[in-house]
Amino acid sequence: MKKKCSRKKIGAVLLSVMLSLGLALALAGCGGEETVQTQQGNVATQANGVANDPTASVVQIHTKGVKPKKGHRGDAVPADAEQTAAQTPYDNASVDLTGIDPEKPMIALTFDDGPGEGTERILQVLTDNGAKATFFELGCNVEKYPDLTKKLVDAGMQVASHSYSHPDLTTLSKKEVAKEISKTENAMAQAADHQPTMLRPPYGAINESVSSQLAYPIILWDVDTQDWSSRNADAICAEVEAADPSDGDIILFHDIYTSSAEAIERLVPQFKQQGFQMVTVAQMLAAKGIDVQNGTTYCNA
Ligand code: NI
């Protein structure tokens, strides 16, 4: 079980993003075809020292018990870059915490790369169990399935950005990054009159140059269910059991696979029975009183 950001390494402020070589991940691309992409970054937090990969950059990261540093607002977009719509500071106070008990354990289920084949089933089981979750959607899939995006928003799910076409943002120019962001915002505005307030970079790949440009809090995860790899509900459930989720975890799934939907249909009632409140990432960070800032990276709460 790989943990994106180890919650045991309190105080770690350095994030090393190493795109692992040789591993390939097939993702459902926009346009119906399967595209093969490099597997997401193997990320390690380090208590000190320098990132041990020449392609990696130091980014600001918030982990449990560590207050995020200030000064990384997303206002550093160069004049020649396309402006994004989310230029204002992140507003924790506007997050709806109705029905959430901050004293009780909570987890944030997150779904990347959709909307897609599993989205409808996942939404159904979440709704049936009074659960909320966060969907980091690709702008190109929002354009493909605008009705699904609207359904998620209308059901009170958090719909956030995962870029437009799933590139590694750290390989793009500032102008190209801004375009990925603004095209996704436009797609969500069109589909559901919705403005995302958080972003998960594809592959979890982020560096200082990109994070300083983004007018969003950057959300990674600390539990990876490996659903993109196994494509098997039993294996996904086994990964979750091995990870033994606890209060404040952000758990990574993908809603483009029916196997993930099948696993979620089993897991959501289990989490409920275990006493977890299933909330959005925005709700979890707000409920735990974390001072959320644009341009800062969060892996858990
Ligand atoms: Ni992705």
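Just so you know, all these numbers are worked out from the coordinates, no wet-lab data involved. Every value quoted in this text rests on a predicted model; they were computed, and no experiment measured them.
Computed values, structure above
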quantity: Interchain or long-range residues, amide H under 5 Å from Ile61's placed H; calculated: Thr297
quantity: Amide proton proximity set for Phe135, modelled H, under 5 Å, gap of 5+; calculated: Phe111, Gln158, Val159, Ala160
quantity: Mean projection area, nm², convex hull over Cα of the range 144-190; calculated: 3.4
quantity: From phi via Karplus (6.51, -1.76, 1.60), per-residue ³J(HN,Hα) for the range 121-131 in Hz, x at Gly/Pro; calculated: 5, 5, 4, 4, 6, 4, 4, 4, 10, x, 9
quantity: Distance violations [Cα-Cα > 21 Å] among Lys150/Lys288; Lys132/Lys179; Lys150/Lys183; Lys151/Lys288; Lys144/Lys183; Lys132/Lys272; calculated: Lys150/Lys288; Lys132/Lys179; Lys151/Lys288
quantity: Cα-based shape type of the range 215-286, given that a ≥ b ≥ c are square roots of the gyration tensor eigenvalues and the cut on a/c is 1.5; calculated: oblate
quantity: Nonlocal amide H pairs with Met198, under 5 Å, H built at 1.01 Å; calculated: Ser161
quantity: Cα-based radius of gyration of the range 169-295 once divided by 2.2 N^0.38 Å, which approximates compact folds; calculated: 1.18
quantity: The range 86-181 - Kirkwood radius from inverse mean 1/r over Cα pairs (Å); calculated: 15.0
quantity: Inter-part distance where the range 226-301 and the range 107-171 are each reduced to a Cα centre, Å; calculated: 13
quantity: ³J(HN,Hα) computed for each position of the range 213-229 - Karplus, 6.51 cos²θ - 1.76 cosθ + 1.60, integer Hz, glycine/proline x; calculated: 8, 8, 8, 9, x, 9, 10, 9, 7, 10, 10, 10, 7, 6, 5, 5, 8
